[in-house]
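Comments concern the structure below.
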Amino acid sequence: MIVFKDISKIYNIGDETVYALDHVDLTIKEGEFVGIIGPSGSGKSTLMHIMGCLDIATEGEYDLDGQSIDVYTDNELAAIRNKKIGFIFQSFNLLNKLTIEENVELPLIYQGVHAAKRRTRVAEALAQVGMSHRRKHTPNSISGGQQQRAAIARAIVTRPALILADEPTGNLDSKTGEEIMALFQELNIAGHTIVLITHDASVAAQAKRILMLKDGKIAEVRDDN
Amino acid sequence: MIIKSIKMALKAITSSKMRSFLTMLGVIIGVTALVVLVSLVTSATKAVTDEVASMGKDMLSVSIADNKGKPLKIEDLKEIAKDRSIDLISPKLTSVAEHKMRNGIKSSDVTRIGTNGSHFIIEGYTLASGRLLKHADLDNNSYVSVLSNDIAISLFGSTDIIGRDVVLDGVKYQVVGVLNTPKGLMAETNRNNIYIPFTVAQRLQTDASTGNGIREFLLTAKGADNVSRAEQVVKEALKARFGDDPEAFHVYNQNEMAKSIDEIYKVFALLLGGIAAISLLVGGIGIMNIMLVSVTERTKEIGIRKALGAKSSSILVQFIVEALVLCLIGCAMGIAVSAGILAIVNGVSSGAAAASAAKMTFSMSGTVILVAVLFSTVIGLVFGLYPARKAAKMHPIDALRFE
Ligand SMILES: Nc1ncnc2c1ncn2[C@@H]1O[C@H](COP(=O)(O)OP(=O)(O)OP(=O)(O)O)[C@@H](O)[C@H]1O
Ligand SMILES: [Mg+2]
């Protein structure tokens, strides 16, 4: 469960103060599928980074699964990212020097899972996104849609409760984007909490709940739950 | 985890082979310089010291630096030689003389050594023809000479020259004997000598400061067991004469000589090794430079890895291992190149050895390989640490936003 209590992220550029997030209150429960929309520069990515423990709020409190993340060290935050959160980015962010299989394997390596178990988990994750046949390829040699599938495999290989996706369909054509969205639906049905960031209203429409960010302020748009 | 890090490092290194090779080049050259130079020097040292040690363990060599106005005479040597521990004793007076050919035009400088017959036995020289110097030659101040083989050939074109004359500084000496070419490395220096009776050499000596005394002599003990006693006897006798001045005279035994040669070569090896180590250090700086570039280039990668749950320590280890692997691959290549170079040097030197009596084989010492590996490791760690820390300290979000 994610609870933002009066979260602000403030950047000081020169003597100008930018509120990338402006006193955001927010609760996301297990199993939800939340779409966050908003124009460019509204603070969507900032929100996701804080939610994903990649960044820390300037003000306010973030409780993850009932525990304020302030208490954690950097190493503990790394472990939390590794076990509880799977990230999916607009530009896929696969490592080009590694094969698809090796990319998917990385989170498990950092978790200290031993080799035999890594192999079966990687195979499962790749099968789940339909990428088993490309496992020996490098990211450069497959299509964008396939890269995003691989990135999703990497995000789910540790079986995290929470999946954070920042514009996952932004670099894909609409048909491929739909396929990826279908995957997210499957993952949500399988029990993953999904927070999906987009500025495309039709993509957001597939979420059960939609939040709107504008100039760092959040507003509830729709909640089907 | 470490094995995985090494695999990752190898992947990063092999993904841009040319650049990795150029990065390693400094280390390759440094290691090659270190291994080759030190191997050459230590092999040479071993050859020379072995030779010196084998050259008569019962030999002592004495040099007198300051005779305090009391020059040592042949009679004094005879007195010293009376001790039961001493076998042979031989004075030695070395100078350079000009040799004129009979036509009076061609001339060359030769080494003229005034000594007695024992000298040849102490040095282990053998006769090719004629005879050695005799006591009578010294007693009668006879103008006779014994030539080393090379000089006989170069002056007369033959060793069959008994009864002929050599003219040194305008003085004629009848040739009574010609030596065989001596074997071994040290003998190289004694191939152009002309030996004349010590008493005759002494007369030629015009330098007043030497006071016509003996400045140098060799002796052998009766067997290796008597060496320390003989050394004692000589030291006592010289002390009685010249007083308790440690600078006045020196008595060397072969072990000491081998040791002092060893010392000289060690300094040599250290010096050359030091220079090579500096080039290795420069190689390390090259690695640091490229690693820093690589960290900047891979900012995004670092961000992704951190997002996936890599701890700072994992990133640190990854980059240090990469620097280390670069250094060690460079080191291995350097050792391989060194082996090649030494093999070539050995080929050349064994070709040359056919012509001369000396033979030397250059081999890589285990110690220098160990030093090279350790040094490369240290360099990898030291110069990898700064870039690796820089990578590890990167904030995941700054790294992810980097394009
Ligand atoms: N490191 C930073 N330093 C200064 N300002 C920043 C920094 N990161 C983000 N911002 C600012 O915070 C605001 C929110 O940025 P954010 O990236 O969250 O927007 P976004 O909604 O994801 O936009 P987009 O749809 O273009 O990705 C922007 O005004 C941005 O300029
Ligand atoms: Mg964004």
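If you go through segment B:223-237 and keep only what is out of contact with any helix residue (DSSP H, G or I) (no Cβ under 8 Å at 6 or more places or on another chain) and within 15 Å of B:SER90 (Cβ to Cβ), you end up with just B:ALA230.
Mind listing just one residue for me: the one in segment B:100-157 that is of a type in the set (D, E, K, R) and surrounded by 13 or more Cβ atoms within 10 Å (Cβ to Cβ) and, of those, modelled with the lowest pLDDT? Before the answer, list the steps.
Taking segment B:100-157 and keeping what is of a type in the set (D, E, K, R), we get B:100, B:102, B:106, B:109, B:112, B:123, B:131, B:134, B:137, B:139, B:150.
Now narrow it down to the ones that are surrounded by 13 or more Cβ atoms within 10 Å (Cβ to Cβ): B:100, B:112, B:123, B:131, B:134, B:137, B:150.
Numbers: B:LYS100: 74, B:ARG112: 91, B:GLU123: 84, B:ARG131: 93, B:LYS134: 92, B:ASP137: 91, B:ASP150: 88.
Here the residue is B:LYS100.
Meeting the requirement of 1 or more residues that are within 16 Å of ligand 2 (Cβ to nearest atom), the helices (runs of 4 or more DSSP H) wholly within segment A:1-118 are A:44-51.
Among residues of segment A:32-60 that are near ligand 1 (Cβ under 10 Å from one of its atoms), those with a Cβ under 6 angstrom from a residue that is of a type in the set (Lys, Arg), sequence gap 6+ or separate chain, pair up as A:ILE36/A:LYS44; A:GLY38/A:LYS44; A:GLY38/A:LYS214; A:SER42/A:LYS214; A:THR46/A:LYS9. Every listed requirement among (1) surrounded by fewer than 18 Cβ atoms within 10 Å (Cβ to Cβ); (2) within 16 Å of ligand 1 (Cβ to nearest atom); (3) away from chain B (no Cβ under 14 Å); (4) in contact (Cβ under 8 Å) with a residue 12 or more places away in the chain is met by A:LYS29 save one, (2). I'm trying to understand the selection: among the residues of segment A:32-55, which are open to solvent by 30 Å² or more (accessible area, probe 1.4 Å) and among the small types (Gly, Ala, Ser)? Hits for segment A:32-55 are A:SER40, A:GLY41, A:SER45.
Can you spot a residue in segment B:45-56 that is farther than 30 Å from B:ILE113 by Cβ and open to solvent by less than 60 Å² (accessible area, probe 1.4 Å)? Checked segment B:45-56: no residue is farther than 30 Å from B:ILE113 by Cβ and open to solvent by less than 60 Å² (accessible area, probe 1.4 Å).
Each residue in segment B:211-258 was checked for being within 27 Å of the chain's Cα centre (by Cα), open to solvent by 30 Å² or more (accessible area, probe 1.4 Å) and in contact (Cβ under 8 Å) with a residue 40 or more places away in the chain, and 8 pass.
Within segment A:202-225, the set of residues being away from ligand 2 (no atom under 16 Å from the Cβ) and not in a strand (DSSP E or B) comprises A:SER202, A:ALA205, A:GLN206, A:ALA207, A:LYS208, A:ASP224, A:ASN225. I'd like to verify a number: residues in segment A:50-101 that are more than 17 Å from the chain's Cα centre (by Cα) and β-branched (Val, Ile, Thr), how many? Residues that pass the stated criteria total 6.
The C-beta contact set for segment B:1-25 (first residue in contact (Cβ under 8 Å) with a residue 60 or more places away in the chain and within 10 Å of another protein chain (Cβ to nearest Cβ), second residue open to solvent by 40 Å² or more (accessible area, probe 1.4 Å) and among the charged types (D, E, K, R), distance under 7 angstrom, 6+ apart or interchain) comprises B:ALA12/A:LYS97. Name the single residue that is nearest to A:PRO168 (Cα to Cα) among those in segment A:75-88 being buried (at least 22 other Cβ atoms within 10 Å of the Cβ) and facing another protein chain (nearest Cβ under 8 Å). Among residues in segment A:75-88 that are buried (at least 22 other Cβ atoms within 10 Å of the Cβ) and facing another protein chain (nearest Cβ under 8 Å), the one nearest to A:PRO168 (Cα to Cα) is A:PHE87.
Among the residues examined, A:ALA155 does not qualify as open to solvent by 20 Å² or more (accessible area, probe 1.4 Å) and more than 13 Å from ligand 1 (Cβ to nearest atom).
Can you tell me which residue among A:VAL129, A:VAL104 is under 22 Å from the mean Cα position of the chain (by Cα) and more than 14 Å from chain B (Cβ to nearest Cβ)?
Working: A:VAL104 fails: more than 14 Å from chain B (Cβ to nearest Cβ).
The unique qualifying residue is A:VAL129.
Scanning segment A:90-120 for residues that are touching a residue at least 40 places away in the same chain (Cβ under 8 Å) and either within 16 Å of ligand 1 (Cβ to nearest atom) or basic (Lys, Arg) (or both) returns A:GLN90, A:SER91, A:PHE92, A:ASN93, A:LYS97.
The values are calculated or read from the model by the stated rules, or taken from the named source; none is laboratory data. Please read these numbers as outputs of a predicted model, since none were measured by experiment. Ideal geometry is used to build each Cβ from the backbone, glycine not excepted, and the neighbour counts take in all protein chains shown. Keep in mind that these areas ignore ligands, DNA and RNA; they rest on the heavy atoms of the full protein, side chains included. Shrake-Rupley method; radii C 1.70, N 1.55, O 1.52, S 1.80 Å.
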